[in-house]
Amino acid sequence: MDRHINFRHVFGLIILLKIVLTGSLAYAAYHQYQTPEGIAWHPQFFWFFLVGFFAQLVDGALGMAYGVTCSSLLLALGIPPAATSANVHIAKVYTAGVSGMSHLLFKNVDKTLLIKLSIGGVLGAVLGTYLLTDVLDGKMIKPFISLYLLFLGVRILYRSYKKSAPVETVKRGEGVLGFIGGTFDAIGGGGWGPIVTSNLLDKSNSPREIIGSVNTAEFFMALACSGILIHTNGVEHWSVMGALILGGILAAPLGAWLVRFVEPTTIMRLAGALIVGPSVWAVYGAWWPK
């Protein structure tokens, strides 16, 4: 049996779920438009568009960093933390949907890995969103996540320079890994790619299908998370969300295409560096503040 999933079925499911989400957002936008505040156009729309474009370009090619990149840059541009989390997860539904369909078209997706990651990610996103809104403060656990990611980044860099025979992707524990990644992504506003992709790259020298499967599964995880956030917190900063979605959708096919031509060791080195840099900075800022 072909290891690559029949993309037509996933295409249909992704499109259907995106239509449902779009209808919900359109309904909420209509009611917001009727209020005295209305829907304001953000003056930094173009910069948010660039944030979404480059974040998704990196995510589509490396399988990580959309949420972390968008969240950090939006906060730096003055968007409040709660609105940042909601907008990033909603935008991720659209960008991850296009990215996932692109990876399916380019046959970058493994069926078994996609199913396990999707189920685990959805369950983790539901739990993480509940913990974030009702139990925990996400900022308190971010330094510990950063330490873990720093360790993984160093290991990936080490393996990229170590000569070893190619191995097949290990098909054990992916569901649990997706659950952990979905939980931390919902709590911390990012982390699905760094946690899931990093662990899978640490087990395999075949990153193309890992990145494609992780990106496709991210759609279902983000949909579960954003659905709960919309229900509990509503939607703010509509133009910011629109800019992220537009930029990400335009970059998604390009990232899925690039991953086919980049050497596996290059991807692993870029991924390792992408994890180590922000993790060192986050750990330093958490434990050695000025």
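The values are calculated or read from the model by the stated rules, or taken from the named source; none is laboratory data. Model, not experiment: these values are computed from the prediction. So basically every Cβ, Gly included, is an ideal-geometry build from the backbone, and we count neighbours across all protein chains shown. Remember, those area values only see protein heavy atoms, side chains included, never the ligands or the DNA or RNA. Shrake-Rupley method; radii C 1.70, N 1.55, O 1.52, S 1.80 Å.
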Which residues qualify? For ASP110, with a placed amide H closer than 5 Å and at least 5 residues away or on another chain, they are SER213
Take the Cβ-Cβ distance between TYR27 and LEU254 as r, set R0 to 45 Å, and report the resulting FRET efficiency rounded to the nearest 0.05.
-> 0.90
Determine the sum of side-chain charges near PHE11: Lys and Arg each +1, Asp and Glu each -1, restricted to other residues whose C-beta is under 14 angstrom from that of PHE11.
-> +3
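My understanding is that a pair violates if its Cα-Cα distance is over 21 Å; which of LYS18/LYS92; LYS116/LYS162; LYS162/LYS203; LYS111/LYS203 do that in this structure?
Over 21 Å apart, Cα to Cα: LYS116/LYS162.
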Accessible surface ranking that places the most exposed of MET140, MET101 first, with a 1.4 angstrom probe = MET140, MET101
